[in-house]
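Working notes, beginning with the structure itself.
The values are calculated or read from the model by the stated rules, or taken from the named source; none is laboratory data. Computed from a prediction, not measured in an experiment: that's the story for all the values here. We place every Cβ from the backbone using ideal geometry, glycine too, and count neighbours over all the protein chains shown.
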Amino acid sequence: MPHDDAQGTAIEEVARRVARAKCVAVVTGAGVSAESGVATFRDAGPEQGDALWSRYDPMQLATIDAFNADPELVTRWYHWRFSRCAHVKPNPGHVALAELQRVVESRGGEFVLLTQNIDGLHQAGGSTGVVELHGTILTWRCVKTGEHVSIHDIPFDVFPPRSRAGGLLRPNVVWFGEVLPEDAVERAQDAASRCDVFLTIGTSGVVYPAASFVQFAGDRGAFTAEVNKDPTPLSHMVDVSIMGRSGEVMPRVVERVRGIGGLDAGHT
Ligand code: OAD
């Protein structure tokens with residue numbers, strides 16, 4: 001596929017910075033999973049979902065109030081979301097990020113992947129040490145005991161599902177109005193405070209604190225870049241903004257990083 005010069009130049013700049021970096025941090029959003037067929041968070045609706053769910057606003061369902069008011073509806077919706085992504089596979093964007101981690105780490109660098117996604121596709125694509133800022137749909141927890149249960153161990157023959165202790169089971173995701181997991185925020189803040197390069201990929205950059213980490217990194221002098229299909233509020237804040245699909249752009253970034261050589265390559 002022909003690549004325009006501007007995108008090629010931007011990819012070269014990002015690759016050069018990554019190749020020299022001692023610490024690379026990345027935050028991803030639903031856009032990275034879009035090419036696996038998983039609807040992005042704000043796109044889920046008539047053109048994305050089954051008619052049954054198209055009349056519900058995801059923003060109204062991903063809340064603790066909605067769960068308390070109608071745990072059956074909310075758990076059915078999350079089970080439906082899971083059923084739609086249970087059989088999807090990681091796409092070239094996920095695989096490229098796992099490969100980038102291997103390349104950076106093989107050269108003695110540090111690579112921290114933060115994700116807002118709850119679908120587990122980064123791990124399935126080979127990434128390790130993934131920081132799930134918004135939790136995961138793959139484990140649910142008992143509201144009574146806090147016990148975690150793998151979604152694969154929940155029969156879903158009744159809704160809402162209950163734990164062995166009889167408490168309601170809810171997805172282990174962060175809902176609107178809830179705080180992010182403390183350890184995830186600490187790891188994200190640490191990465192943003194130490195990285196030489198921070199990449200934001202496939203996210204609309206409108207949800208905080210996830211959107212704040214790239215800004216914090218840039219403010220303290222890290223090189224920042226965005227890869228996204230559409231412009232976002234972050235596009236004018238980063239050093240380089242690449243408009244494109246992550247499944248197409250990220251493999252090209254990895255290929256160039258490999259070609260440029262690492263810290264010890266003596267590149268200026
Ligand atoms: P959004 O749906 O808000 O944004 C997805 C972004 O990905 C958009 O800017 C698209 O332009 C872009 N995009 C779509 N396809 C792409 C592709 N193939 N390659 C690159 N970019 C692509 O999803 P998020 O930014 O992830 O929280 O939303 C952030 C959070 O909002 C979600 O984590 C969700 C919600 O609160 C939870 O579900 C807990």
Taking the stretch 104-124 and keeping residues in contact (Cβ under 8 Å) with a residue 40 or more places away in the chain and among the hydrophobic types (A, V, I, L, M, F, W, C) leaves 104, 111, 112, 113, 114, 118, 121
Can you name the residue in the stretch 174-209 that is closer than 27 Å to residue 250 by Cα and near the ligand (Cβ under 9 Å from one of its atoms) and is also surrounded by the fewest Cβ atoms within 10 Å (Cβ to Cβ) among such residues? 206
Does residue 125 fit the bill of being at positive phi and within 16 Å of the ligand (Cβ to nearest atom)? no
Residues of the stretch 101-119 satisfying the condition of being under 30 Å from residue 87 (Cβ atoms) and either at pLDDT below 95 or of a type in the set (S, T, N, Q) (or both): 101, 115, 116, 117, 118, 119
I want to confirm something. Restricting to the stretch 142-170 and keeping residues that are in a strand (DSSP E or B) and more than 16 Å from the ligand (Cβ to nearest atom), which single residue is farthest from residue 210 (Cα to Cα)? 162
Taking the stretch 210-230 as the search range and keeping residues that are among the β-branched types (Val, Ile, Thr) and within 15 Å of the chain's Cα centre (by Cα), which one is farthest from the ligand (Cβ to nearest atom)? 214
Apart from one, (1) buried (at least 16 other Cβ atoms within 10 Å of the Cβ); (2) touching a residue at least 40 places away in the same chain (Cβ under 8 Å); (3) part of a loop (DSSP other than H, G, I, E, B) all hold for residue 127; the odd one out is (2)
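What's the total number of residues in the stretch 130-165 that are β-branched (Val, Ile, Thr) and in contact (Cβ under 8 Å) with a residue 24 or more places away in the chain? Full working, then the answer.
Step one: filter the stretch 130-165 for residues β-branched (Val, Ile, Thr), giving 130-131, 136-137, 139, 143, 145, 149, 151, 154, 158.
So of that shortlist, the ones also in contact (Cβ under 8 Å) with a residue 24 or more places away in the chain come out as 131, 136-137, 139, 143, 151.
The number of residues fulfilling the criteria is 6.
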Provide a single number: the residues in the stretch 12-56 that are more than 20 Å from the chain's Cα centre (by Cα), within 14 Å of the ligand (Cβ to nearest atom) and modelled with pLDDT of 80 or more. 0
Before we move on, is residue 94 in contact (Cβ under 8 Å) with a residue 24 or more places away in the chain, within 30 Å of residue 256 (Cα to Cα) and either more than 12 Å from the ligand (Cβ to nearest atom) or not β-branched (Val, Ile, Thr) (or both)? yes
Whether any residue in the stretch 247-263 is of a type in the set (Lys, Arg), touching a strand residue (DSSP E or B) at 6+ places or on another chain (Cβ under 6 Å), away from the ligand (no atom under 16 Å from the Cβ) and touching a residue at least 40 places away in the same chain (Cβ under 8 Å) is what I want to check. no
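Can you tell me which of 139, 115, 75 is within 12 Å of the ligand (Cβ to nearest atom), crowded, with 16+ Cβ neighbours inside 10 Å and closer than 24 Å to residue 34 by Cα? Steps first, answer last, please.
On the way: 139 fails: within 12 Å of the ligand (Cβ to nearest atom); 75 fails: within 12 Å of the ligand (Cβ to nearest atom).
Checking each option against the conditions leaves just 115.
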